[in-house]
Amino acid sequence: MRIALFFPHAAALLLVASAGALAPGAAVAQAYPAKPVRMIQSLGVGGGSDPLARMIAQKLGEALGQPVVVETQAGAGGAIGASMVARAAADGYTIGFAAASGLVLRKFLTRSVLYDTLKDFTPIMVLGETLACVVATPAIGVNSLPEAIEYAKRNPGKVNYGSSGIGTVHHLSGVVVEQLGGGSLTHVPYKSGGDSLNGLLSGQVQLVFGIIGTMVPHARAGKVRILAINSGKRFPRMPEIPTIAEVLPGYERPPGWNGFVGPAGLPAPITKRLYEDLNRIANSNDVSEKLLDLGFLVDTQTPEQFSAQLRRSFEISERITRAAKLEPE
């Protein structure tokens with residue numbers, strides 16, 4: 001009788017232990033991470049995204065207890081790096097630091113995109129908004145965006161603007177400004193934001209749409225002039241500079257967020273772990289202030305909010321590209 005009473009109890013314990021051993025979420029959460037994590041940064045060296053990604057990667061590595069190695073894969077408006085993330089194993093050891101330009105806008109500008117953003121990625125966290133701007137070379141003698149538009153009207157075919165590549169938010173912003181302002185602007189795509197800035201400094205282009213963090217030192221040195229902020233709000237470090245929407249009625253900026261994604265099928269416990277660590281890091285005072293110095297405004301979103309943001313971004317981008325009469329090439 002004593003044996004009969006003991007055996008069911010022991011069996012129950014064995015069943016509970018077996019269930020725990022077989023629960024994939026629990027096992028994954030306990031084992032991750034067991035080796036370095038690769039973070040693919042897709043927007044090039046020399047732009048604001050590279051130092052931003054490396055700062056976050058260092059902090060994330062400390063939180064995970066494993067190195068997070070940033071691998072920059074620039075080109076094609078972010079599509080090259082995004083493709084690598086989409087093809088990676090869904091084990092948490094490859095994540096992407098990506099922008100709306102590569103994940104959303106590129107679909108509307110080229111037929112060569114080899115991934116479906118809504119199917120091939122796991123949203124982890126929106127980090128926030130890259131504060132952008134439009135700058136001019138002092139050589140053309142303009143001090144505001146309306147003056148630059150008037151200059152382009154007086155000099156048709158002679159004003160080139162640079163961006164970090166075809167399909168980026170900076171490229172499409174120039175298209176919308178040209179459409180609304182009426183000036184003639186010729187787009188010159190570069191491989192990265194740093195390259196487009198070098199094009200401005202060397203006289204290859206007269207205007208550049210790019211990340212503000214890379215422009216501020218050159219503006220302070222008098223090498224470029226910041227004409228307007230290409231974001232939803234003014235830059236807190238330079239509150240006197242208006243946004244494009246303030247000086248160009250009807251302007252709506254294409255989606256300009258940056259965020260972290262994994263391959264489709266990333267296990268929920270890993271997604272949760274990465275989100276919690278990234279969210280805590282991004283919203284810490286020291287990191288958020290440093291990111292603002294780089295021209296980035298932290299405004300984090302959960303994986304669920306990020307998923308909804310992706311769908312909204314496709315709707316906005318479709319509307320903007322249709323209004324601009326752009327067709328995929």
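Readers should treat all values here as calculations from the given coordinates under stated rules, not as data from a laboratory. Since this is a predicted model, take the numbers as computed values, not measurements. Cβ coordinates were reconstructed from backbone atoms using ideal geometry, including for glycine residues, and neighbour counts include every protein chain displayed.
Between SER101, SER313, SER112, the Gaussian network model of the chain with springs among Cα atoms under 10 angstrom shows the greatest mean-square fluctuation at SER112.
Summarising the amide proton neighbourhood of GLN73: residues at separation of 5 or more, or on other chains, whose placed amide H is nearer than 5 Å comprise GLN41, SER42, LEU43, GLY44. Of the residues GLY75, PRO156, ASN283, the one whose Cα sits farthest towards the positive end of the charge dipole of the chain is GLY75 (charges of +1 on Lys and Arg Cβ, -1 on Asp and Glu Cβ, taken about the Cα centre). Among ARG234, ARG322, a tally of other beta-carbon atoms within 10 Å of each Cβ gives an order, fewest to most, of ARG322, ARG234.
Taking the C-alpha atoms only, the angle from helix 169-181 to the longest principal axis of the chain is near 40 degrees.
Taking the dipole about the Cα centre of segment 132-247, with the C-beta of Lys and Arg at +1 and of Asp and Glu at -1, give me whichever of GLY232, GLY193, VAL177 is farthest to the positive side. The Cα lying farthest towards the positive end belongs to GLY193. For segment 232-237, putting each phi into the Karplus relation 6.51 cos²θ - 1.76 cosθ + 1.60 with θ = phi - 60° gives couplings of x, 9, 5, 6, x, 7 Hz, in residue order, rounded to whole numbers and with x for Gly and Pro.
Rounded to whole numbers, the Karplus 3J(HN,Hα) couplings from phi for segment 287-302 are 6, 4, 6, 5, 5, 5, 4, 7, x, 10, 9, 6, 7, 6, 9, 5 Hz, using 6.51 cos²θ - 1.76 cosθ + 1.60 with θ = phi - 60°, and x at Gly and Pro. If you look at the Cα atoms of segment 211-280, you get an Rg and a Dmax of 17.8, 50 Å. For THR186, nonlocal amide neighbours, meaning residues 5 or more places apart or on other chains whose placed amide H falls under 5 Å from its own, are VAL159, ASN160, TYR161. When the Gaussian network model of the chain links Cα atoms closer than 10 Å, the mean-square fluctuations of PRO254, PRO303, PRO217 top out at PRO217.
Under 16 Å of direct C-alpha separation, and excluding same-chain neighbours fewer than eight residues apart, LYS272 reaches these aspartates and glutamates: ASP91, GLU304.
When you restrict to C-alpha pairs under 8 Å that are six or more residues apart and normalise by the size of segment 132-247, the relative contact order lands at 37 percent. Residue pairs exceeding 19 angstrom between C-alpha atoms, taken from LYS107/LYS325; LYS119/LYS191; LYS107/LYS233: LYS119/LYS191; LYS107/LYS233. Compute the whole-percent fraction of alpha carbon pairs in segment 115-200 spaced more than 17 Å apart. Roughly 55 percent, once rounded to a whole number. The orientation-averaged shadow of the Cα convex hull for segment 132-247, equal to a quarter of the hull surface, comes to 6.2 nm².
Placing +1 on each Lys and Arg Cβ and -1 on each Asp and Glu Cβ, with no other charges, gives the chain a dipole about its Cα centre of roughly 200 debye. Computed from point charges on the beta carbon alone (+1 for Lys and Arg, -1 for Asp and Glu), the dipole magnitude for segment 261-329 about its Cα centre is near 240 Debye. Ordering SER307, SER49, SER231 by the number of other Cβ atoms within 10 Å of each residue's own Cβ, fewest first, gives SER307, SER231, SER49. Take LYS153, project a point 7 Å from its Cα along the Cβ direction, then tell me which residues of segment 304-329 have their backbone nitrogen under 13 Å from it. It comes to no residues whatsoever. Mean projected area of the convex hull spanned by the Cα atoms of segment 28-118, taken over all viewing directions: 6.1 nm².
Helical content of the chain, expressed as a calculated mean residue ellipticity at 222 nm, amounts to -14000 deg cm²/dmol (DSSP H runs of 4 or more residues, -39,500 (n - 2.57) each, divided by residue number, nearest 500).
Only aspartates and glutamates eight or more places from LYS290 in sequence, or on another chain, were considered; those with a Cα closer than 17 Å are ASP50, GLU129, ASP299. When each of the peptides 72-85, 121-134 is scored by the mean number of other C-beta atoms lying within 10 Å of its residues, the order from highest to lowest reads 121-134, 72-85.
What the Kirkwood sum gives for the chain is a hydrodynamic radius of 21.0 Å, with every pair of different alpha carbons counted.
Solvent-free Debye calculation, one equal scatterer per alpha-carbon of segment 176-329: log10 I(q)/I(0) at 0.14 Å⁻¹ equals -0.92.
The length gained by stretching the chain between SER284 and ARG312 to full extension, at 0.36 nm per residue less their Cα-Cα distance, is 7.3 nm.
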